[in-house]
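> Can you keep this structure in mind? I'll have questions shortly.
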There are 2 protein chains.
Amino acid sequence: MESSGPPAEDILLQRPWLPVSISGCQLLTKSWFGETAYRVLLTDMHCVWEERMDAAAIQSRAQELNRRLRAPVKAFFSHLCDVAQPCLSADRGPPQNEAQISLTRQEDGDILMRLKSELAGLPFYWEFHCTPAPITLACSQLVRPLLAMSRLLQQQVEQLAGLLVRKDAEIQDYRENGATLSRERLQTDAFEEQTYKENFMAKALPLLWTERQDALGFDADLQQLYAAVVHRSARKRKLSEDRCEEEEEEEEEDRPAPALTSPPGAPDRLCPPEPADRDPHPTHVRQEDTSGAKMADRPTVQQHQSRPAASERPSSRPKKKKVGLFG
Amino acid sequence: MESSGPPAEDILLQRPWLPVSISGCQLLTKSWFGETAYRVLLTDMHCVWEERMDAAAIQSRAQELNRRLRAPVKAFFSHLCDVAQPCLSADRGPPQNEAQISLTRQEDGDILMRLKSELAGLPFYWEFHCTPAPITLACSQLVRPLLAMSRLLQQQVEQLAGLLVRKDAEIQDYRENGATLSRERLQTDAFEEQTYKENFMAKALPLLWTERQDALGFDADLQQLYAAVVHRSARKRKLSEDRCEEEEEEEEEDRPAPALTSPPGAPDRLCPPEPADRDPHPTHVRQEDTSGAKMADRPTVQQHQSRPAASERPSSRPKKKKVGLFG
């Protein structure tokens with residue numbers, strides 16, 4: 001459990017996307033469990049869902065799901081971490097602990113994951129209510145890393161193709177000087193990049209969207225590259241934040257480091273234009289459908305805060321025999 | 001202009017992300033202009049914005065921005081296409097036509113692009129009001145293609161590394177049989193994949209987030225690969241839709257083809273679990289912050305529909321001299 005240090009955003013960025021299979025559904029997950037808070041990300045590569053919960057929200061939900069629970073959040077949160085984390089990182093079924101997890105896709109597009117475990121001899125229920133994440137989160141956790149990975153891999157392909165051409169030149173020289181192979185099967189064809197790529201694509205493309213893929217196609221090699229790319233991104237971002245404290249925190253939240261070598265307002269970041277000196281132009285016309293706009297800056301979920309914490313709340317029911325955390 | 005054929009979603013998917021620079025801001029855009037409708041996508045890789053407009057919304061906005069315009073949407077829409085499309089696909093400044101375009105990032109995170117051109121001798125104004133897109137759109141237009149591209153490039157790296165090892169075996173055989181090079185500079189070092197990758201990453205990673213990138217890093221080679229990948233995806237999807245007409249349209253909207261070789265409910269698609277046979281469990285507990293959930297299914301924007309079309313609307317102002325489309 002992390003309770004201090006870098007913000008959850010950076011910690012999540014540096015985590016791998018772990019393949020999980022819950023109720024027969026393949027997902028990739030990232031999660032962060034703090035001292036009395038957590039964030040969970042899920043994706044099936046068609047949508048990304050998340051849940052952000054703080055102490056008050058956790059306390060409230062725990063109370064609703066476990067009527068007899070009379071403990072403050074700290075007292076049961078470590079149990080929740082212990083049972084939930086393996087469920088969100090295991091590739092095959094439930095882990096060694098007794099927790100059971102199931103997943104339902106709600107009609108409104110949300111994801112509901114129900115967890116049942118045992119705490120102090122009584123059943124302990126939990127639910128993760130994951131809603132579609134802001135699009136900026138998909139950009140920071142998937143789009144930018146994947147684009148960076150593609151660039152790196154593209155560079156490797158170019159370098160390796162260049163190396164092959166050099167190997168061919170060496171081979172050509174041996175051959176022209178009369179060298180022969182002791183084993184004919186060692187002979188290779190001259191490498192021609194364009195032909196290679198065309199043949200590769202002709203074979204690979206038909207399989208691209210039809211093959212069954214482990215981890216939704218995010219395989220081990222790509223995971224490794226993702227880790228390298230996001231580690232670098234988070235490090236750069238840290239450096240950048242130390243240097244540019246005046247930058248808006250809101251803008252930075254889901255961004256990797258701005259280019260350190262770029263001047264302020266360099267065109268790789270979206271910037272407001274210079275004041276318009278054009279003809280008068282109506283500016284009051286605003287698009288009325290802004291439902292999407294709210295997502296980008298969605299604050300940390302803080303539900304049920306008006307409800308008093310269980311530890312402070314007088315129980316209206318007669319207390320049963322005290323069993324650990326449950327009253 | 002496309003007026004029939006595949007839906008805008010597929011057409012957009014198959015379009016490249018075009019680099020544009022508006023008001024000094026680097027963006028990638030995709031746009032589709034139909035007969036009297038359009039969709040525009042923008043991204044700076046930190047967010048994706050979109051605007052979807054139909055005939056009624058276009059008519060209404062044109063009316064608000066151009067008070068003297070008295071033409072039905074069809075009469076001026078082709079002009080809008082003519083001037084807007086080059087602005088959304090040009091890499092350098094305004095195109096040959098006289099249109100001026102500027103971009104402002106709104107405080108609420110939206111993007112406002114203002115366009116000014118000349119129609120029938122009078123100024124013609126337009127505005128694109130782009131709001132953050134549903135996260136499913138980022139997944140379909142960026143995440144899945146980029147992941148597929150990464151997989152293909154990773155496969156190429158592996159194949160080329162394998163070819164290099166074979167070249168080395170051939171070279172080794174020549175050398176062991178006493179062959180020598182006529183030019184020493186042709187000699188290459190034996191290729192060792194792990195060492196190569198480590199060296200590559202040591203050099204490439206420090207530059208990854210600091211180098212200035214054209215087209216936000218989505219360079220020509222990657223564009224080409226993107227085109228190949230999404231073309232395949234759209235084709236597969238078409239085939240799939242023909243076969244599985246009973247599938248929910250809503251689910252399909254932003255998806256590429258489901259794996260044709262997978263059984264129904266195969267784990268690469270998110271599916272509801274079997275009915276829970278677990279203990280009674282409160283199901284009425286719903287997370288209250290569902291602001292994000294609305295995005296995934298945001299319908300086509302249809303603002304201002306109650307306002308009558310300009311062609312049917314009696315003008316309360318005395319008519320000026322008729323100049324083309326303007327009354």
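> Yes or no: segment A:89-96 includes at least one residue that is modelled with pLDDT of 95 or more and over 20 Å from the mean Cα position of the chain (by Cα).
no
> Would you check which residues across segment A:21-32 are within 18 Å of residue A:80 (Cα to Cα) and within 15 Å of the chain's Cα centre (by Cα) and list them? Steps first, answer last, please.
Start the filter on segment A:21-32 by keeping residues that are within 18 Å of residue A:80 (Cα to Cα), which leaves A:22, A:29-32.
Passing the criteria: A:29, A:30, A:31, A:32.
> Within segment B:186-209, can you find the residues that are more than 23 Å from residue B:158 (Cβ to Cβ), of a type outside the set (A, V, I, L, M) and out of contact with any helix residue (DSSP H, G or I) (no Cβ under 7 Å at 6 or more places or on another chain)?
Within segment B:186-209, B:206 is the sole residue that qualifies.
> Among the residues of segment B:140-169, count how many are among the aliphatic types (A, V, I, L, M), facing another protein chain (nearest Cβ under 7 Å) and farther than 30 Å from residue A:140 by Cβ.
Residues flagged as among the aliphatic types (A, V, I, L, M), facing another protein chain (nearest Cβ under 7 Å) and farther than 30 Å from residue A:140 by Cβ within segment B:140-169 amount to 5.
> Next question. In segment B:39-94, which residues are crowded, with 17+ Cβ neighbours inside 10 Å and of a type in the set (Asp, Glu)?
Passing the criteria: B:44, B:50, B:51, B:54.
> Could you tell me whether residue B:112 is hydrophobic (A, V, I, L, M, F, W, C), touching a Ser or Thr at 6+ places or on another chain (Cβ under 6 Å) and surrounded by fewer than 22 Cβ atoms within 10 Å (Cβ to Cβ)?
Answer is yes for this residue.
> Now for a separate question. Go through (1) more than 14 Å from chain B (Cβ to nearest Cβ); (2) closer than 20 Å to residue A:133 by Cα; (3) out of contact with any Ser or Thr (no Cβ under 8 Å at 6 or more places or on another chain) and name the single condition residue A:15 misses.
(3)
> Name the one entry in B:126, B:209 that is at pLDDT 95 or above, among the aromatic types (Phe, Trp, Tyr) and surrounded by 16 or more Cβ atoms within 10 Å (Cβ to Cβ).
Of the residues listed, the single one that is at pLDDT 95 or above, among the aromatic types (Phe, Trp, Tyr) and surrounded by 16 or more Cβ atoms within 10 Å (Cβ to Cβ) is B:126.
> If residue A:35 meets every condition in (1) within 13 Å of chain B (Cβ to nearest Cβ); (2) within 30 Å of residue A:143 (Cα to Cα); (3) among the acidic types (Asp, Glu); (4) over 11 Å from the mean Cα position of the chain (by Cα) apart from one, which number is that one?
(1)
> Among the residues that make up segment B:128-147, is at least one of them more than 22 Å from the chain's Cα centre (by Cα) and among the aromatic types (Phe, Trp, Tyr)?
Taking segment B:128-147 and keeping what is more than 22 Å from the chain's Cα centre (by Cα), we get none.
Among the residues of segment B:128-147, not one is more than 22 Å from the chain's Cα centre (by Cα) and among the aromatic types (Phe, Trp, Tyr), which makes the answer no.
> Restricting attention to segment A:126-163, which residues are among the acidic types (Asp, Glu) and in the same structural domain as residue A:13 (by the TED database)?
The one that is among the acidic types (Asp, Glu) and in the same structural domain as residue A:13 (by the TED database): A:127.
> In segment B:170-198, which residues are more than 9 Å from every other protein chain (Cβ to nearest Cβ), farther than 22 Å from residue A:182 by Cα and surrounded by fewer than 12 Cβ atoms within 10 Å (Cβ to Cβ)?
Answer for segment B:170-198, where residues must be more than 9 Å from every other protein chain (Cβ to nearest Cβ), farther than 22 Å from residue A:182 by Cα and surrounded by fewer than 12 Cβ atoms within 10 Å (Cβ to Cβ): B:184, B:185, B:194, B:195, B:198.
The values are calculated or read from the model by the stated rules, or taken from the named source; none is laboratory data. What you see is a predicted model; the values in this text were computed from it and never measured. Every residue, glycine among them, receives a Cβ derived from its backbone with ideal geometry; neighbour counts consider all protein chains shown.
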